[in-house]
1. Which members of the range 270-309 meet the condition of being buried (at least 18 other Cβ atoms within 10 Å of the Cβ) and part of a loop (DSSP other than H, G, I, E, B)?
2. Take residue 14 and tell me if it is modelled with pLDDT under 70 and either outside the structural domain of residue 243 (by TED's automatic domain parsing) or in a strand (DSSP E or B) (or both).
3. Taking the range 119-148, which residues are at pLDDT below 90 and either surrounded by fewer than 19 Cβ atoms within 10 Å (Cβ to Cβ) or at positive phi (or both)?
4. Considering every residue within the range 154-172, establish whether at least one is crowded, with 16+ Cβ neighbours inside 10 Å, farther than 30 Å from residue 254 by Cβ and in contact (Cβ under 8 Å) with a residue 40 or more places away in the chain.
5. Can you go through 131, 86, 77, 116 and tell me which one is within 30 Å of residue 246 (Cβ to Cβ) and not assigned by TED's automatic domain parsing to the domain that holds residue 307?
């Protein structure tokens, strides 16, 4: 539409100059008509290098907290001396988590090489994929416009704040689970062990020589490890206003404070041992549409925390 308006304006200018030439008797008429036709075309030719050379690059912070202030930086680079009269920027912001798409138009004037900041909506969690659909440039007089396709893309993940669950969680009782021991694969040292008769294939290092000397047969010290040692945190349902994501972040950080590595179960399985890995797991969850939690082997679980909205259930 702006390109059509510029063309109509130019045609009206030429038409007015032609009427002036036809109605005015004197030497000035032909010059006015020639100026109306040629001057905008000459300015267009002079402006073309700047219009073709201008590049648009988007820059965004990698992660921000939900509800905080965030800016999308638009970097204009123009290697030519003549500035571009105006640039109409058409942006699309796609939330990969919620699936919401919004489009925005921004107008910038008299551009050489500069930076501008645009506000980002951080009301909802998710990975915001910001892309330039196209941009329209006008020459130095603003008479003609040129439309170009954009290629720049920038991403910003809006992270949830860590918030405690609606009801208190008794971590001491939930994590106090009797261990089911199993033989350690490959043998070796372990705090727990079992004594049994020697079987073909057992190494000499595993033989309990002192006890074997008192028995009629060799006795082996077999190393044992817990079979149910994994703590699972399952994101079952997010709830209103990303409540489940807030509780997930809080619960994961609380387990880390208790020195309890765990596995977050969402669209995939994420092994977590520190806060950075928690944030990486949450960011990965926010990069795809929300769906049911993936399956996992609950047989080796020491404890399973299930998050549904703002509630945490333990089993």
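1. Selection gives 286, 290, 293.
2. yes
3. Once the filter is applied, which keeps residues that are at pLDDT below 90 and either surrounded by fewer than 19 Cβ atoms within 10 Å (Cβ to Cβ) or at positive phi (or both), the range 119-148 yields 140, 141, 142, 146, 147, 148.
4. Yes, the conditions are met somewhere in the range 154-172.
5. 131
The values are calculated or read from the model by the stated rules, or taken from the named source; none is laboratory data. As the structure is a prediction and not an experimental result, all values here were calculated from the model. Cβ: placed from backbone, ideal geometry, glycine included. Neighbour counts: every protein chain shown.
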